[in-house]
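One structure is given below, encoded as structure tokens.
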Amino acid sequence: MNLHAVAAIYRFEMSRTFRTITESIASPVLTTSLYFVVFGAAIGARMGDVEGVSYGAFIIPGLVMLAILNESISNASFGIYMPKWAGTIYELLSAPVTWREAVLGYVGAATTKSLMIGTLILVTARFFVPYTVAHPLWMLVFLVLTALSFCLFGFIVGLWATDFQKLQVIPVMIVTPLTFLGGAFYSIDMLPPLWQKIALANPVVYLISGFRWSFYGQADVDVRISFAAILVFLAACLLVVRGIFTTGWRLRS
């Protein structure tokens, strides 16, 4: 494996993050902090506990997932789209770099950014509401796998996009609504029976449920199903990325 190529891509992407730290790091953390102020402190103080957990603490896993999903897709898609837009993607394709090494560099950097944001949000949440983590190791596993999976998905979005507007279509029009409807601010058990069954068709439900279980030991869906869903999504994204680099779809045109 060409580790020099992986390191070069990784360093370049990370340096871009720190050059635009306000947009890359501070903005999503500030936005999530506003959610804590409005939903956690203002509204949460007037609501009862949800499944034995204060409402402010209950929404923490959902808010972290909301930020992680959007930022993972945005970071990874923008990272690979810029070389396509500037025409420097041909240098990558002609260099002695395999698709695995390119993915490690771009997706690895995007995953690092997402984990940084997730960690900062968890630290920031301490200033608003107290919370506990029942399964710290599983919390880290779910966080890393979710960030990695959606960075791979964002990488696919960046390869698919033909203009800057398309980079925002998936996060804004699909992922954010699915997250809001996926139990970020409520438990699926609070819905009527029919809507509970409909909600299970939302893949984000499994991500939020598994992540919330790692905090409070409670989940809307069996944690094993949530874990399997993330692994299946990760494997599917890897196969799609491999297919794109093998066929050259949207890379050579």
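Between Thr246 and Met14, the FRET efficiency estimated from the beta carbon spacing at R0 = 30 angstrom works out to 0.60.
Whole-Hz Karplus values for the range 106-112 come out as 6, 6, x, 5, 5, 5, 4 Hz, taken residue by residue from phi with 6.51 cos²θ - 1.76 cosθ + 1.60 and θ = phi - 60°; glycine and proline positions read x.
For the range 150-160, putting each phi into the Karplus relation 6.51 cos²θ - 1.76 cosθ + 1.60 with θ = phi - 60° gives couplings of 7, 5, 5, 5, x, 4, 5, 4, x, 6, 6 Hz, in residue order, rounded to whole numbers and with x for Gly and Pro. Mean residue ellipticity, 222 nm, helices only, the chain: the sum of -39500 (n - 2.57) across DSSP H runs of n ≥ 4, divided by residue count and rounded to 500, is -22000 deg cm²/dmol.
The alpha-carbon of Lys197 sits under 16 angstrom from the alpha-carbons of these aspartates and glutamates, leaving out residues fewer than 8 places away in its chain: Asp189, Asp220, Asp222.
Taking the number of Cβ atoms within 10 Å of each Cβ as an exposure proxy, the fewest-first ranking of Trp160, Trp195 is Trp195, Trp160.
Taking a ≥ b ≥ c as the square roots of the eigenvalues of the Cα gyration tensor, an a/c ratio of 1.5 or more together with a/b larger than b/c marks the range 3-247 as prolate. Whole-Hz Karplus values for the range 115-124 come out as 5, 4, 5, x, 5, 5, 5, 5, 5, 4 Hz, taken residue by residue from phi with 6.51 cos²θ - 1.76 cosθ + 1.60 and θ = phi - 60°; glycine and proline positions read x.
Prolate is the label for the range 106-253, because the ratio a/c of its alpha-carbon gyration tensor axes (a ≥ b ≥ c) is 1.5 or higher and a/b is greater than b/c. Within straight-line reach of Lys166, meaning a Cα separation under 29 Å, sit the following lysines at least 8 residues removed in sequence or on another chain: Lys84, Lys113.
Coordinate-derived values only; no laboratory data. What you see is a predicted model; the values in this text were computed from it and never measured. No Cβ is skipped: glycine too gets one built from the backbone with ideal geometry, and neighbour counts run over all protein chains shown.
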